[in-house]
Structure formats: structure tokens, C-alpha cells
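The values are calculated or read from the model by the stated rules, or taken from the named source; none is laboratory data. Since the model is a prediction, treat every value here as computed from it, not as a measurement. All Cβ positions, even for glycine, are placed from backbone atoms using ideal geometry, and neighbour counts span all protein chains on display.
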Amino acid sequence: MKKLTADEIRASFVNCSKGVAQRLSLPDLDAQPWDDLDLLGWVDPSGSGTSYLVTERPVHGSEDDSEPIGFVLRASKGSGVKRQSMCSLCLTVHSSSDVALMTAARPGAAGRAGNSRGNYLCADLGCSLYVRGLRQPARVQPHETITREVKVMRLRSNLTEFVERLAQE
């Protein structure tokens, strides 16, 4: 993922007002491992249950050009049941408290009418780091015989599909 500025990140959000995007807390952008990210994801430090996901999406009609697209996500409260769950993007297995149903209001009129879409994701949105082995989950992972590069490609494919579903008005 290319390094993004605060202004680029704030302008990328498609499911909130410009005012909300201007007020949201950003992570330390200089501390991000941009070359190892397929998505920039962070949890709002206020404890509101809000998370943010920004990734790149190809510009229509261009194979080489991309633009950032961002979503405000709401995490569901955990069920309290002790079990394991899997992120639908990176397929990392976590305890159920480390995976959350993340929902995003749909852009435009559909979102204003209360329509949303979601999926089960790593609660810390660290998917890029998990598939590259740069962050270790607390749970033992199922053995896979695929390479790290294939895991990254699978994450990117799942992320593209998720973003396209979220972006539909």
C-alpha cells in the first residue's frame, strides 16, 4: 500500500460525512509499515466500538492506478462465549474476543436509510501483518501448505471482494 497523508485518508471515506471524517482520530501515520500493508485499519481509541478501514481500489479503466477508499466500521459486542473464530479476510484464527462482526453503513441514500453490510474481521484489523507473520495471534493456527505470497494474494482477493460489497450504493 502506498503511504497516505491524513488528508488523503480523510477524503477516502465513503460512508460518513466530511465532518465525521475530519474529526476522526488517525493512527500515527509515520509509524505504519506501509510496504507491508494491504489495508490500514485501526480502532478508535475512545472505546466507542468504532474502527476504520482504508485500502486502495483500482481506478476504473486503469490497471496501474489506484485510489484510497475508506469505511467507518462498527464492531459488535462479543457474545461472551469462549470459542475460536476466523477472520473472513486473512483467515487467521483467534479467540472469539479477537474477532468482531464489523458492519459499515452503505454509502449514499442506502446508508442514510440504515442499510449496512458487514463481515467477521480481526478486531485489531491487523490482517496484513498476520498473513506476513509480522504479528502473531494468540491461538495456534491451522497448518497451511501455501506460501506467504499466496496468503497475501488471498487476503487481497478477499479484501477486494469485501470492499466492493461495502461500496455498493
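Could you tell me whether Ala138 is exposed (fewer than 11 other Cβ atoms within 10 Å of the Cβ), touching a residue at least 24 places away in the same chain (Cβ under 8 Å) and among the aliphatic types (A, V, I, L, M)? Yes; evaluated as a whole, the condition is true for this residue. Among residues of segment 140-169 being β-branched (Val, Ile, Thr) and under 18 Å from Cys122 (Cβ atoms), the one that is modelled with the highest pLDDT is Val152. What residue, among those in segment 1-21 that are part of a helix (DSSP H, G or I) and touching a helix residue (DSSP H, G or I) at 6+ places or on another chain (Cβ under 6 Å), is nearest to Glu67 (Cα to Cα)? Looking at residues that are part of a helix (DSSP H, G or I) and touching a helix residue (DSSP H, G or I) at 6+ places or on another chain (Cβ under 6 Å), I get Arg10. Could you tell me whether segment 101-110 includes any residue that is among the hydroxyl-bearing types (Ser, Thr, Tyr) and under 25 Å from Glu169 (Cβ atoms)? Scanning segment 101-110 turns up at least one residue that is among the hydroxyl-bearing types (Ser, Thr, Tyr) and under 25 Å from Glu169 (Cβ atoms). If you filter segment 56-80 down to residues that are loosely packed, with under 14 Cβ neighbours inside 10 Å and not in a loop (DSSP other than H, G, I, E, B), you find that the one that is modelled with the lowest pLDDT is Pro58. Could you list, in sequence order, the residues of segment 21-56 that are among the polar types (S, T, N, Q) and over 21 Å from Phe162 (Cα atoms)? Answer for segment 21-56, where residues must be among the polar types (S, T, N, Q) and over 21 Å from Phe162 (Cα atoms): Gln22, Ser25, Gln32, Ser46, Ser48.
For segment 14-46, the tally of residues that are surrounded by 15 or more Cβ atoms within 10 Å (Cβ to Cβ) and closer than 24 Å to Arg154 by Cα stands at 8.
Number of residues in segment 85-124 that are surrounded by 23 or more Cβ atoms within 10 Å (Cβ to Cβ) and either closer than 13 Å to Leu155 by Cβ or touching a Pro at 6+ places or on another chain (Cβ under 9 Å) (or both): the value is 6. Would you call Arg117 charged (D, E, K, R) and within 22 Å of Leu166 (Cα to Cα)? So Arg117 fits the description; yes.
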